[in-house]
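J.: Have a look at this one before I ask anything.
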Amino acid sequence: MSYKILMAEDDQMLYNILSRNIKRKIERIEITHAANGVRMMGELDKIIRGECEYDLIISDNDMGAVSGLQCLERAQRLGINTPYVIMSGNDISEAALAAGATKFIKKPFTHRALLDLVRGYMPNLNKDTE
């Protein structure tokens with residue numbers, strides 16, 4: 001079984017680091033990248049149309065014209081029940097959780113924190129040897 005993550009992050013270098021570290025430590029993971037909030041909205045539309053599904057959504061909040069919170073609010077309105085994690089350098093944990101996020105993670109965070117977060121939403125993942 002393969003697990004699928006949708007990750008919205010407008011900082012390409014940070015996305016590369018995060019996705020590479022997840023894939024290096026956890027097998028059977030596919031990560032789809034939404035490079036900004038507008039593209040994230042498009043991915044949400046694909047979920048509603050049944051074109052794709054994800055086990056976890058991880059979204060940066062500060063992505064320009066459309067924020068991660070705006071994407072989360074739309075996902076909630078559309079009835080998307082996928083666990084949704086908001087990450088931000090600003091402490092918006094109360095706003096994120098009030099909007100329906102299942103978890104908030106404040107940047108900067110450790111690689112271990114991200115791996116533990118991903119594993120928490122995906123049962124039966126292989127354990128790394130760190």
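J.: How much length would be gained if the chain were fully extended between Asn90 and Met41, taking 0.36 nm per residue of separation minus their Cα-Cα distance, in nm to one decimal?
T.: Using 0.36 nm per residue and subtracting the Cα-Cα distance, I get 15.5 nm.
J.: While we're on this one: So if I place +1 on the C-beta of Lys and Arg and -1 on the C-beta of Asp and Glu, and nothing else carries charge, what would the dipole magnitude of the chain be about its Cα centre? I want it in debye, nearest 20.
T.: The dipole of the chain has a size of about 320 debye.
J.: Eight or more residues apart or on different chains, and alpha-carbon atoms under 27 Å: count the Lys pairs in the chain matching that.
T.: 20
J.: With N set to the residue count of segment 57-128, report its C-alpha Rg divided by 2.2 N^0.38 Å to two decimal places.
T.: Dividing the Cα radius of gyration by 2.2 N^0.38 Å gives 1.12.
J.: Would you calculate the volume per residue, in Å³, of the smallest convex hull containing every Cα atom of segment 3-121?
T.: So the per-residue hull volume is 90 Å³.
J.: Now for a separate question. Determine, from the Cβ-Cβ distance of Glu27 and Glu53 and an R0 of 25 Å, the FRET efficiency 1/(1 + (r/R0)^6), rounded to the nearest 0.05. Walk me through the numbers on the way to the answer.
T.: On the way: r = 20 Å, r/R0 = 0.79.
The computed FRET efficiency comes out at 0.80.
J.: Quickly estimate the mean residue ellipticity at 222 nm for the chain, helices only: each DSSP H run with n ≥ 4 gives -39500 (n - 2.57), and the total goes over all residues, rounded to 500.
T.: Only helices count here, giving -13000 deg cm²/dmol.
J.: Let me ask something additional. Using +1 at the Cβ of each Lys and Arg and -1 at the Cβ of each Asp and Glu in segment 3-121, identify which of Ser88, Ile57, Leu72 lies farthest towards the dipole's positive end.
T.: Ile57
J.: On to the next question. Starting from the Cα of Ala113, step 7 Å toward the Cβ, then list every residue of segment 32-71 with an amide N under 19 Å from that point.
T.: Inside the label zone: 57-63, 68-69.
J.: Given springs between every Cα pair under 10 Å in a Gaussian network model of the chain, which of Ala99, Ala113, Ala35 has the largest fluctuation?
T.: Evaluated over the chain, the most mobile residue of the options is Ala113.
J.: Report, by chain and number, residues whose modeled amide H sits under 5 Å from the one on Ala34, excluding near sequence neighbours (fewer than 5 apart, same chain).
T.: Residues meeting the criterion, in which the H sits 1.01 Å from N, are Met7, Ala8, Glu9.
J.: Now a separate question. What is the chain's relative contact order, in percent, from Cα pairs under 8 angstrom and six or more apart in sequence?
T.: Numbers: 196 pairs, mean separation 32.2, N = 130.
RCO, the chain: 25 percent.
Values in this text are rule-based calculations from the coordinates and carry no lab data. Here the structure is a predicted model, which is why all the values come from computation and not from measurement. Note: ideal-geometry Cβ built from the backbone for every residue, glycine included; neighbour counts use all protein chains shown.
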